[in-house]
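S.K.: Questions regarding the structure given below will be posed in turn.
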Ligand code: UTP
């Protein structure tokens, strides 16, 4: 496009300020800016802005519309019979052995609260082994494959798809490569990039990150569905014969990757879409809850219900809206295909007010100290309403969920809590396996145990003193 054509297009959408530094740009910078603008579907992105703002403004309390998850759609690890749990696990391991289970690790976030300039998965929370989140998760896959092989004689392997973004793609790929995929096969690991959307000022102007560059951010973890189709992941899954997909966020240090119990539970219920949930810590914990909204499954944010509703208890004294969402889901590939093909463009758009670096009118790069604009995000859980057979599976927070969101100064959901939670879990595994004493930081390699199994020979009647890594 010529300069005049670009200018006319921008004027049509109220975005002509993107050319404000044109006269100062070098020829290469002009080419860059033109390419950036040409790659934008201006009609689409400006309508996204309008839609996102509208749905944000029209948000009212949902108290009248919601109902808790029906008992028939949820089961809890706290109450399930041990034989049933074993059945679920066996079913899940069978799916893994047949090569029908895959993982989507969502690792496209910018990790702004944690404040590191590299992908969160490469974060080392200070375990005795210094293993990073990515390494822990990859080794858990190896252990699971071993368990499936032991039970079924062979294991086709678990495909690991890593969703990255412009912010994390190259570094993540290089990290896996440098570390020899942590013992997984190279062809088992595939990284794919989610899309980005431009960042806007509060009045709908696209922000310039540089005089010749538009400010962009990943389109939220719900960008997954568009990316799966666009990046050829759905066809890759089809070629590999995958049926069950476990989707979770990179920042949960306790995550049971490709959890066979969860997979088996979903298979036994013929669920097409499912969520792992944990009991809320208290009525005012600011976490989304899984429930019914107008009769369809969804996640309701803490801010979308009144205090009275969030405090409602049943006759056993348990919160009625207690199913805390932990970004840990099961989908069949059929369901993912259905969403990608029919609904990915319809997903709700959420507004995140953020501090977005920008170029001011004088051409100086500024880093604002308060929110100056919005990022538009889609959420991975906004597809529950399209499920024809939804299931929730309640697990124990202390065994399965500890998010790494903040730096240590926040004192919660931070490196110290993540490290303490995993070491506490390992201490409990050892004691349960017969250890007499566990003092200090004793860590268990994922290659030795996935979920506390395989430790009796090592632990029985023994005492352990950390720092120590059991390999
Ligand atoms: P969060 O929004 O909680 O974390 O994402 P974040 O984006 O990493 O960090 P902040 O908000 O900037 O501090 C939850 C999960 O969703 C993934 C993240 O990588 C994390 O695993 N995610 C988030 C994406 O994959 N893409 C996104 O666009 C946003």
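S.K.: Across the range 15-68, what is the total count of residues that are farther than 23 Å from residue 195 by Cβ and part of a helix (DSSP H, G or I)?
M.R.: Of the residues in the range 15-68, 14 are farther than 23 Å from residue 195 by Cβ and part of a helix (DSSP H, G or I).
S.K.: Check whether at least one residue in the range 103-120 is away from the ligand (no atom under 16 Å from the Cβ) and not in a helix (DSSP H, G or I), and report yes or no. Spell out how you get there, then give the answer.
M.R.: Restricting attention to the range 103-120, the residues satisfying the condition of being away from the ligand (no atom under 16 Å from the Cβ) are none.
No: zero hits.
S.K.: Which count do you get for residues in the range 230-276 that are within 16 Å of the ligand (Cβ to nearest atom) and outside any loop (DSSP other than H, G, I, E, B)?
M.R.: Residues flagged as within 16 Å of the ligand (Cβ to nearest atom) and outside any loop (DSSP other than H, G, I, E, B) within the range 230-276 amount to 10.
One line per residue, one yes/no per condition, for (1) away from the ligand (no atom under 16 Å from the Cβ); (2) over 17 Å from residue 106 (Cα atoms); (3) surrounded by fewer than 18 Cβ atoms within 10 Å (Cβ to Cβ):
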| site | (1), (2), (3) |
| --- | --- |
| 158 | yes, no, no |
| 177 | yes, yes, yes |
| 193 | no, no, no |
| 198 | no, yes, no |
| 214 | yes, yes, no |
| 221 | no, no, no |
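S.K.: Which residue, of 371, 362, is more than 19 Å from the chain's Cα centre (by Cα), assigned to a loop (DSSP other than H, G, I, E, B) and within 16 Å of the ligand (Cβ to nearest atom)? Spell out the reasoning first.
M.R.: Details: 362 fails: within 16 Å of the ligand (Cβ to nearest atom).
Step by step, each of 371, 362 is checked, and only 371 is more than 19 Å from the chain's Cα centre (by Cα), assigned to a loop (DSSP other than H, G, I, E, B) and within 16 Å of the ligand (Cβ to nearest atom).
S.K.: Among the residues in the range 425-444, are any within 30 Å of residue 347 (Cα to Cα) and either over 26 Å from the mean Cα position of the chain (by Cα) or in contact (Cβ under 8 Å) with a residue 40 or more places away in the chain (or both)?
M.R.: No, the range 425-444 has no match at all.
S.K.: Which of the residues belonging to the range 390-439 are assigned to a strand (DSSP E or B) and either surrounded by 17 or more Cβ atoms within 10 Å (Cβ to Cβ) or modelled with pLDDT under 95 (or both)?
M.R.: 390, 391, 392, 393, 394, 403, 438
S.K.: Looking at (1) part of a loop (DSSP other than H, G, I, E, B); (2) touching a strand residue (DSSP E or B) at 6+ places or on another chain (Cβ under 7 Å); (3) modelled with pLDDT of 95 or more; (4) within 13 Å of the ligand (Cβ to nearest atom), which is the one condition that is false for residue 137?
M.R.: It is condition (1) that residue 137 fails.
S.K.: Among the residues of the range 156-166, are any more than 16 Å from the chain's Cα centre (by Cα) and part of a helix (DSSP H, G or I)?
M.R.: Looking through the range 156-166, none of the residues is more than 16 Å from the chain's Cα centre (by Cα) and part of a helix (DSSP H, G or I).
S.K.: Please enumerate the residues belonging to the range 162-175 that are farther than 13 Å from residue 194 by Cα and in contact with a strand residue (DSSP E or B) (Cβ under 6 Å, 6 or more places away or on another chain).
M.R.: Once the filter is applied, which keeps residues that are farther than 13 Å from residue 194 by Cα and in contact with a strand residue (DSSP E or B) (Cβ under 6 Å, 6 or more places away or on another chain), the range 162-175 yields 172, 173.
The values are calculated or read from the model by the stated rules, or taken from the named source; none is laboratory data. Just so we're clear, the structure is a prediction, and the values are computed from it rather than from any experiment. Note that we place each Cβ from the backbone using ideal geometry, even for glycine, and neighbour counts take in every protein chain shown.
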